[in-house]
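The values are calculated or read from the model by the stated rules, or taken from the named source; none is laboratory data. Because the structure is a prediction, the values reported are computed rather than measured. In this analysis, Cβ positions are derived from the backbone assuming ideal geometry, glycine residues included, and neighbour counts consider all displayed protein chains. SASA here: full protein model, heavy atoms, side chains in, ligands and nucleic acids out. Shrake-Rupley method; radii C 1.70, N 1.55, O 1.52, S 1.80 Å.
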Amino acid sequence: MRVVAGEYGGRTLKTLEGKNTRPTGDKVRAAIFSMLGQYFDGGLVLDLYSGSGGLAIEAVSRGCDRAIMVEKDRHAQQVIQANIEMTKDGGRFSLMKMTSDKAMFVLNESFDLVFLDPPYAKEQIVKDIENLNDRGLLSPDVTIICETDRSVDLPECIANFNIIKQKNYGISKVSLYERNRASILAEV
């Protein structure tokens, strides 16, 4: 796997061997960022099930300011650390070595871009979006990207967030959620 584009474009990413994680391949990662608009003008990224760290590194490579990666698996943590070192820009990345549930009670920043690719997708994604929203960890203009198995059907709306785009790529399905505009107007 490689970083597809941006500042670190073309650099090789280490991946995790085994069945505990499903690294997002280059083609799916490129498709995700095509759906998002390719490049960013700053912002804070949260990758709640980081695996190899590829999605967060790609987001920073394409213009996000910083990324926080959460991963509980020790082997995956080593791969993430090696991938962070590959960027030669370690100050832009933080690795939290813990479960996603524990991380949500430690985090205290507002995220602009969130990646969710949990092992048990549907129920966990609903719970994660609700928890992130309830804890005030999502910026008003946040985009939440969920990667699941193609067979998983996520709810159209979760905690004032609606699916704005959804596409299948091989065995994967990518769903993008944004805050319901009516809920933003109600807060103003």
>> Filter region 52-72 down to the residues that are in a loop (DSSP other than H, G, I, E, B) and surrounded by 20 or more Cβ atoms within 10 Å (Cβ to Cβ) and list them by number.
In response: S52, G53, R62, C64, E71
>> Of all residues being over 12 Å from the mean Cα position of the chain (by Cα) and of a type in the set (D, E) in region 99-127, which is surrounded by the fewest Cβ atoms within 10 Å (Cβ to Cβ)? Just the residue, please.
In response: E123
> Is there any pair linking a residue in region 84-100 that is in contact (Cβ under 8 Å) with a residue 60 or more places away in the chain to one that is assigned to a strand (DSSP E or B) and not aromatic (F, W, Y), with Cβ under 9 Å and at least six apart or on different chains, and which?
Replying inline: M86/T12
> Given the residues D141, D153, which is the only one that is under 19 Å from D47 (Cα atoms) and either touching a strand residue (DSSP E or B) at 6+ places or on another chain (Cβ under 7 Å) or modelled with pLDDT under 95 (or both)?
Replying inline: D141
> Can you name the number of the only condition in (1) within 15 Å of the chain's Cα centre (by Cα); (2) of a type outside the set (D, E); (3) open to solvent by 20 Å² or more (accessible area, probe 1.4 Å) that K88 fails?
Replying inline: (1)
